[in-house]
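**Student:** This is the structure I want to talk about, given as structure tokens.
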Amino acid sequence: MSQFLETIFVTHPLHGMLVHFPIALSVVTLAFALLALKEGSEAFERAAFYCLVATAGSSVLAAMSGYRDVLVRFEGDAPLVPEKAFLGVTLILLTGALSLARALDEELLWNPRTMVLYLSGMLGAVALTASLGFMGGIILYGW
Amino acid sequence: MAGDRPAHGEGPTPTPTPTPTPGDRFRRSKVEAPTGPDLARQLGIVAIVLLAWIGSFRLAMNLPVEAPESARSEERRSRGEARGVTEEGPTPGAGVAAGVTGADSPGVGSNGTGSTEGDAGGVAAAGDPLDLSDAGEPLDGTAPIPAASSPVRAGNPPASGPTASSSADASGVAPADPVATEIDPVTAFEEEAARSRLPNLDDLPVVGFAEDVMPILERRCVKCHGAPRDDGTLRIEEGLDLRTWDAIMAGSTWGAVVVPGDPVASYMLELVLEGKMPDDGPRLLPREVRILTAWIAQGADER
């Protein structure tokens, strides 16, 4: 058991395991929102909202594990740290703000005055997670 | 009941209503698209936020604002003079000084990973620091700095740090030294470039071969240098077997890969520091590089 825990928390990079969640969830969020608009489906819209909240939550976990990896595995000498930190914080703020706005206003996607903003935020989240994932690939496999 | 139905010819047939599906109660009858002004207003807000974000990113990353081309060429020229780096590659003489300083902040090197200090510092960004074949004309068209003016001195290698060659950095040319003129500039350059990428040799842990070095080799290297293939034969790339101390010391097809006591001359470490090895898989972590360096520097003992 102790070896299992050590493998999970010490040997394996935890960040590498967790980052897949915000990447996938942000894409699914946007996909559900577009489907909701196409079908006029409130069920899809609600699913998009839940995925958005999960994106925000998993981004926080990924950021925390990434910070730990920088300190422990790379001993503070990891490449691209400032860039990734900036993009990561942006992602957390963006998805957090979108989640909050949607929680306060259920009509966010349906209202023509906020629809584009909401969708743009989701698109931005996808761009951010893709960029962060690409940088992670550079760290591991080179440029 | 059949009796309630209108008889043939008594009136119009009622239109059949579609059977409702469970999803219909979540369906909106109409999705209203944004009008022109709404669309413009929202896109404007997105553009402003995006511009503000890009500005913040540039500020946070200390990226320079767009400068005129003349200013950029001036900056490139002065940087090239200070570091001895040409557009295509390093200038042998002055490049030594720049390679040692590690003046650039740690970050992405020429290969993008920059996980070792040397990748980010010195001449790495301009090309392979050990490959002099691509050294070209300096940016400003002046001749390369003569080797005799190299700040490298025998027996007095500059330590990795900004102070070691600050004077050379400032002027680009160190005072003439009779000892320096006796050194082959290419060899000196190669050694100093390699040394600049090494971890600090004064701050290395005491390591053992079996408990510290072998686990790294088994985890990161043996896959290609000593692992069995499906057909039962061993995969020994370049004739280098890294499973035992004896095999390591036997070297590869090309010769010794570890020179006990001399990390700079050890080809294995050079490849690791340059990021060429492991060929297949993530680069070694700084901690792992330090252990390998320490082992070689401490004599590469079998214990």
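The values are calculated or read from the model by the stated rules, or taken from the named source; none is laboratory data. Because the structure is a prediction, the values reported are computed rather than measured. Using ideal geometry, Cβ is built from the backbone for each residue, glycine included, and neighbour counts are taken over all protein chains shown.
**Student:** Give segment A:127-143 a look and list any residue that's away from chain B (no Cβ under 12 Å) and surrounded by fewer than 19 Cβ atoms within 10 Å (Cβ to Cβ), or say none.
**Tutor:** A:Ala130, A:Gly133
**Student:** Identify the single condition in (1) of a type outside the set (Val, Ile, Thr); (2) touching a residue at least 12 places away in the same chain (Cβ under 8 Å); (3) crowded, with 16+ Cβ neighbours inside 10 Å that A:Leu108 does not satisfy, given that it satisfies every other one.
**Tutor:** Failing condition for A:Leu108: (2).
**Student:** Go through segment A:1-44 and tell me which helices (runs of 4 or more DSSP H), entirely inside it, have 2 or more residues that are surrounded by 12 or more Cβ atoms within 10 Å (Cβ to Cβ).
**Tutor:** A:14-18, A:20-39
**Student:** Looking only at segment B:264-303, which residues are within 14 Å of chain A (Cβ to nearest Cβ), among the charged types (D, E, K, R) and assigned to a helix (DSSP H, G or I)?
**Tutor:** Answer for segment B:264-303, where residues must be within 14 Å of chain A (Cβ to nearest Cβ), among the charged types (D, E, K, R) and assigned to a helix (DSSP H, G or I): B:Glu274, B:Arg287, B:Glu288, B:Arg290.
**Student:** Restricting to segment A:87-105, give me the number of residues that are within 12 Å of another protein chain (Cβ to nearest Cβ) and buried (at least 16 other Cβ atoms within 10 Å of the Cβ).
**Tutor:** Adding up the residues that qualify gives 4.
**Student:** Within segment B:260-303, track down each residue that is of a type in the set (D, E, K, R) and either buried (at least 22 other Cβ atoms within 10 Å of the Cβ) or under 25 Å from A:Gly137 (Cα atoms) (or both).
**Tutor:** B:Glu270, B:Glu274, B:Lys276, B:Asp279, B:Asp280, B:Arg283, B:Arg287, B:Glu288, B:Arg290
**Student:** Output the qualifying pairs, or none if there are none: Cβ atoms under 6 angstrom, residues six or more apart or on different chains, first residue in segment B:24-45 and closer than 17 Å to A:Ser120 by Cβ and facing chain A (nearest Cβ under 7 Å), second residue part of a loop (DSSP other than H, G, I, E, B) and modelled with pLDDT of 85 or more.
**Tutor:** What qualifies is B:Pro34/A:Pro112; B:Asp38/A:Pro112; B:Asp38/A:Arg113.
**Student:** Just checking, which of A:Leu98, A:Leu80, A:Leu87, A:Leu119 is touching a residue at least 24 places away in the same chain (Cβ under 8 Å) and at positive phi?
**Tutor:** Testing whether each residue is touching a residue at least 24 places away in the same chain (Cβ under 8 Å) and at positive phi leaves just A:Leu80.
**Student:** Of A:Ala127, A:Ala24, A:Ala56, A:Ala31, which residue is at pLDDT 95 or above, over 26 Å from B:Ala52 (Cα atoms) and within 12 Å of the chain's Cα centre (by Cα)?
**Tutor:** Residue meeting the stated conditions: A:Ala24.
**Student:** Kindly check whether there is at least one residue in segment A:33-46 that is small (Gly, Ala, Ser), touching a residue at least 12 places away in the same chain (Cβ under 8 Å) and either within 27 Å of A:Tyr141 (Cβ to Cβ) or away from every other protein chain (no Cβ under 13 Å) (or both).
**Tutor:** No: segment A:33-46 contains no residue that is small (Gly, Ala, Ser), touching a residue at least 12 places away in the same chain (Cβ under 8 Å) and either within 27 Å of A:Tyr141 (Cβ to Cβ) or away from every other protein chain (no Cβ under 13 Å) (or both).
**Student:** Another question, if that's okay. Quick check on segment A:59-84: of everything there that is of a type outside the set (Phe, Trp, Tyr) and outside any helix (DSSP H, G or I), which residue is farthest from the other protein chains (Cβ to nearest Cβ)?
**Tutor:** Step by step, filter segment A:59-84, then rank; the result is A:Gly76.
**Student:** Continuing with this model, one more query. Can you find a residue that is at pLDDT below 90, of a type in the set (Gly, Ala, Ser) and not in a loop (DSSP other than H, G, I, E, B) anywhere in segment B:197-211?
**Tutor:** Yes: one or more hits.
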